[in-house]
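Derivation of every value follows stated rules applied to the coordinates shown; laboratory data play no part. Quantities reported herein were computed from a predicted structural model and do not represent experimental measurements. Methodologically, a virtual Cβ is constructed for each residue, glycine included, from the backbone with ideal geometry; neighbour enumeration extends over all protein chains shown.
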Amino acid sequence: RLAGWQRDLRAEFPIIAANPGLAYLDSAATAQKPAAVLDAVSAFLTSGNANVGRGSYPWATAATARVESARERVKAALGDVGDDSSVEFVSGASHGLRMVAEDWLADQLADGDEIIVPFGDHKANLLSWLDVRDALARRGTRVEVVAMPVDPASGDYDHRALPSLVTERTRFVAATHVHHVFGADMNVHRLREAVGPHVPICLDAAQSVGHRPVSVAELDVDFVVFSGHKALALPGVGAVWARNRRGPRLAPRGWAGTPNTAGVVSLVAALDWLDRAGLERIREWTTALCVRLSDGLSALRGVRVLGCQDSLAAGSTVQRREGIVTFRHEHVRSDDLGFVLADEGIMVRADSHCQAGRGADDRAVRASVHVYNTPEEVDRLLAVVARCEGMAS
Ligand code: PMP
């Protein structure tokens, strides 16, 4: 049903159109850009490039207005329906999480306070908070870091165990919307009920914004952080959305410098393009590709898909993979598998996956998709992995 729609959209990605022999299955690392995004950047740089907030000439005032209106565009993309909120542009999710940590959280914490953060998610969503704890400790303020509980069967947060970890000293909770290795929806809409009405929640939405609809109204979180480059925009731009209801405003320090205006232009163009394409349909397409991928891999001898296979068996609420499938081969090292796939023109992420708190071995192969990917590309990957069994024995 979606095939014709998808074919038209795929044709809008110049890098995909120019490389028909290659299969790009690494969009969780960074996504490709539609022509509309490249054209918007080119138009800005060739017809109105200027710094913001500096000049009174038309290019400068127009550039300033674009960045200001881009904040409203980001709010709309996040389903913000008129909250007292703000948007800061950053270089990406890692930078955004650091900004929340250093320019907001550090000022909120007193001796004996507690924060709950994920230890099995992307390291950017752990190290930022641990560094705040360590910086405060050097000044004699002790903050306790509590690990967000995880249900071992599903890989989802353990929403039932969470309330017992929330105390009157809990000041902050950090979570991830979609897991960057397992592709699991972490059911963050359940967090608010678990942590109560007053504790600010920060959401790492690096793998969800630009891939599916995201609504801060539904999720009832206080910060949303994401990277533009994973949402079809340029690298070097991202955003921090902050709701000002549960505490003082995010007060970014030292941001008198020149922003990435071309990046902001690309982000607006990407959000517009995604809206036109339809995020619900994109999600439908990418989750269907992931079902094909994980079913196909699970049927292969010696291959184990990480995360959701177990979770579905356990009757978990994690019902689908959001654009990401990660797997291991019993007999073939993940980096070798990455090379074999690369030889066949199939691009995936192999080896380790930036999971700071999960112990030593997070080596695996991650295949991830966006709207431009096709069932044929998935099948090509499956055929190569199937051949690896022969290679191993
Ligand atoms: N969080 C998650 C869930 C991610 O997948 C990533 C990127 N791999 C990041 C944070 C960091 O994003 P960036 O590298 O764009 O700063």
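List of remarks:
- Taking amide H as placed 1.01 Å from N in the peptide plane, the amide H of Asp158 sits under 5 Å from that of Val150, Asp151, each at least 5 places away or on another chain.
- Net length available on complete extension from Asp158 to Asp351 is 66.8 nm, with 0.36 nm assigned per residue and the Cα-Cα distance removed.
- Bridge type composition, the chain - antiparallel percent by DSSP, nearest 5: 55 percent
- Taking the convex hull of the alpha carbon positions in the chain and averaging its projected area over all directions gives 20.1 nm².
- Were the residues from Ser56 through Arg292 laid out at 0.36 nm apart, the gain over their Cα-Cα distance would be 79.5 nm.
- Integer Hz, Karplus 6.51/-1.76/1.60 couplings in order for the stretch 213-223, x for Gly and Pro: x, 10, 10, 5, 5, 6, 7, 6, 9, 10, 9
- Label sites at Phe339 and Asp272, each approximated as a point 7 angstrom past Cα along Cα to Cβ, lie 4.6 nm apart.
- Placing R0 at 25 angstrom, the Cβ-Cβ distance between Asn49 and Asp8 gives a FRET efficiency of 0.20 after rounding to 0.05.
- In order along the stretch 102-113, the phi-based Karplus estimate (6.51 cos²θ - 1.76 cosθ + 1.60, θ = phi - 60°) of 3J(HN,Hα) comes to 8, 9, 9, 4, 4, 7, 8, 9, 10, 3, x, 5 Hz; Gly and Pro are listed as x.
- Using the Cβ-Cβ distance between Arg1 and Leu300 with R0 set to 30 Å, the FRET efficiency from 1/(1 + (r/R0)^6) comes to roughly 0.60.
- Lysines with Cα under 16 Å of Lys123, excluding same-chain neighbours fewer than 8 positions away: none
- Peptides 328-335, 292-299 ordered by packing proxy, namely the average of other Cβ atoms within 10 Å per residue, highest first: 292-299, 328-335.
- Within a straight-line Cα-Cα reach of under 20 Å, Lys33 can be paired with the following aspartates and glutamates, leaving aside sequence neighbours fewer than 8 residues apart in one chain: Asp8, Glu12, Asp272, Asp275, Glu280, Glu284, Glu322, Glu377.
- By the combined test of axial Cα extent (at least 20 Å) and Kyte-Doolittle hydropathy (mean at least 0.5), the qualifying DSSP H helices of the chain come to 261-277.
- Summing charges over neighbours of Asp80, with a neighbour being any other residue whose Cβ is under 13 Å away from its Cβ, gives -1 when K and R count +1 and D and E count -1.
- Zone residues, the stretch 260-284, relative to Ser215, backbone N less than 18 Å from point 7 Å out along Cα-to-Cβ: 275-276, 278-284
- Packing rank of 8-21, 94-107, 223-236, where each peptide gets the mean count of other beta carbons within 10 Å, highest leading: 223-236, 94-107, 8-21
- Computed on the Cα atoms alone, the convex hull of the stretch 1-115 gives a volume of 207 cubic angstrom per residue.
- On a per residue basis, the convex hull of the C-alpha atoms belonging to the stretch 123-207 measures out at 98 Å³.
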